[in-house]
Each structure stands twice: as structure tokens, then as C-alpha cells.
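J.: Questions regarding the structure given below will be posed in turn.
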Amino acid sequence: MDKARTIFFVGKPGCGKGTQAKLLAKKTGWTIISAGNKFRDLAAENTPVGRKVKTENDAGLLQPYWLATYLYLQELFALPDNAPIIFDGFNRKVPEAELVLESLKWLDRSFSIVYLAVSDEEVRRRLNERKEVSGRVDDFAPEERLKEYYEHTENAIEIFRDAEVLIEVNGEQPLEKISKEINTALTLS
């Protein structure tokens, strides 16, 4: 298989997906597509969809899988051949994970899923710290976000583990060490 040029970051809320995606993009020059940013952009629209997305974002809930997969496929299908890409926060529910596997296999596109493992206590600490500077309403709902993780995302991660495309990294290390482990696992360093 070719070196993966399609990378997904997954994990608990506040595990560092966005930070590590940015570090990887800075090193490689690859584009990042963030599910959270896409949903926040939708939530800013004064439309029926925008208002519904805002309500669910503010409550710390995951968006419907069909909306996430629509946004994912829109981005994936617009990519030129072999264009590298980093997806941050997509594939958080089982149907999304299954679609990621099927769509990339169909396109014969190599990929890796980077899972940043952190404890629930670390999630609470990080979200409490982040809410002071982020202004993101969903950071004020760490328990709801963890509940959503265990109800949905944990099962999606197991699908990737079973498919043997999951790279697990300890997300409770210094940022530079996490980044170095990711680069080594992706054979980029």
C-alpha cells in the first residue's frame, strides 16, 4: 500500500485532534478539513439547518451521521488524484466510520486513522481550561460530550481498529512528543 496521504484524527473531545492536525499540516503543507469548523460555519447561518446545528452544537451533541457524511463526501470527492488531506473530527459515529472505509476503498485511496488516547479526567481538565479562551459553548458541556463519545465514537474507533487502519498515540504527552510519534507512525519523519 502507498504511504497514506489521507489522514483522520479521532478521539475524545479535547484530546488534541485539532492541535495535532495543525502541526501535521504545518509540517507537510497539507490541507485540513475540520468537521467542527464546518458545523460551526453552518451554525452561524440563520437558516433552519443552521439553527438546528447551533442548538445541537451548544448542547455538546454530535450532529446526525448523514450530515457529517454529506460534508465529508463533498470534500473527498472534490480532491484531485492523490492530493493529500487531513480530516479532523469526521467519522465519529458507526455509519460514518463504515462510510469512510467504503469510500476510500472504492477510490483506492490509502489512509490512516490517528487516535489520540486521553483519560476522561484529562478531557474534563482540558475542556475547562479551553472554555475560558475558546468561547465555544460546547466546551461548557464536558459530561454530555463524553457521553456522546462513549455512545458513538468509541464504537466507530473499534471499526477502525478491526480494519487495522488505527494508529493509537498517547495524547497525554507533551505536544512535540505526540507530533513526533504521529510523524514516525505515518513515516513522515
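Every number here is computed from the coordinates shown, using simple stated rules; none is lab data. All of these numbers come straight from a predicted model, not from anything done at the bench. Virtual Cβ from ideal backbone geometry, glycine too; neighbours counted across all protein chains shown.
J.: Using the crude model of +1 on Lys and Arg Cβ and -1 on Asp and Glu Cβ, and no other charge, please compute the dipole size for the chain relative to its Cα centre, in debye to 20.
T.: Computed about the Cα centre, the dipole is about 600 debye.
J.: Cut-off 11 Å, label point 7 angstrom out along Cα-to-Cβ of S110: give me the residues of the stretch 138-172 whose amide nitrogen falls inside.
T.: Once the point is set 7 Å along Cα→Cβ of S110, nothing inside the stretch 138-172 turns out to lie under 11 Å by backbone N.
J.: Which whole-Hz ³J(HN,Hα) couplings does the stretch 34-44 yield from phi under the Karplus relation 6.51 cos²θ - 1.76 cosθ + 1.60, θ = phi - 60°, glycine and proline marked x?
T.: For the stretch 34-44, the Karplus-derived couplings read 9, 4, x, 5, 4, 5, 5, 5, 4, 5, 7 Hz, x marking Gly and Pro.
J.: Something else now. When the Cα centres of the stretch 141-155 and the stretch 97-133 are compared, how far apart do they sit, in Å?
T.: Using only Cα atoms, the two centres lie 12 Å from each other.
J.: Give a residue-ordered list of calculated ³J(HN,Hα) values for the stretch 69-76 (Karplus: 6.51 cos²θ - 1.76 cosθ + 1.60, θ = phi - 60°; whole Hz; x for Gly, Pro).
T.: Each residue of the stretch 69-76 in turn: 5, 4, 5, 4, 5, 4, 6, 4 Hz.
J.: Taking amide H positions as placed in the peptide plane 1.01 Å from N, state which residues far from F87 in sequence (5 or more) or on other chains have amide H under 5 Å from it.
T.: Distant-sequence amide H within range of F87: I7, F8, F9, I33.
J.: Continuing with the same structure: Applying 1/(1 + (r/R0)^6) with R0 = 25 Å to the Cβ-Cβ distance of N170 and E98, what FRET efficiency is obtained, to the nearest 0.05?
T.: Numbers: r = 27 Å, r/R0 = 1.08.
Given R0 = 25 Å and the Cβ-Cβ separation, E is 0.40.
J.: Shape verdict for the chain, please, from the Cα gyration tensor: rounded (a/c under 1.5), prolate (a/b greater than b/c) or oblate.
T.: Working: a/c = 1.57, a/b = 1.19, b/c = 1.33.
Oblate.
J.: For the stretch 129-134, what does the Karplus curve 6.51 cos²θ - 1.76 cosθ + 1.60, with θ = phi - 60°, yield as ³J(HN,Hα) per residue in whole Hz, taken in order and with x for Gly and Pro?
T.: After applying 6.51 cos²θ - 1.76 cosθ + 1.60, I find 5, 5, 4, 5, 10, 7 Hz.
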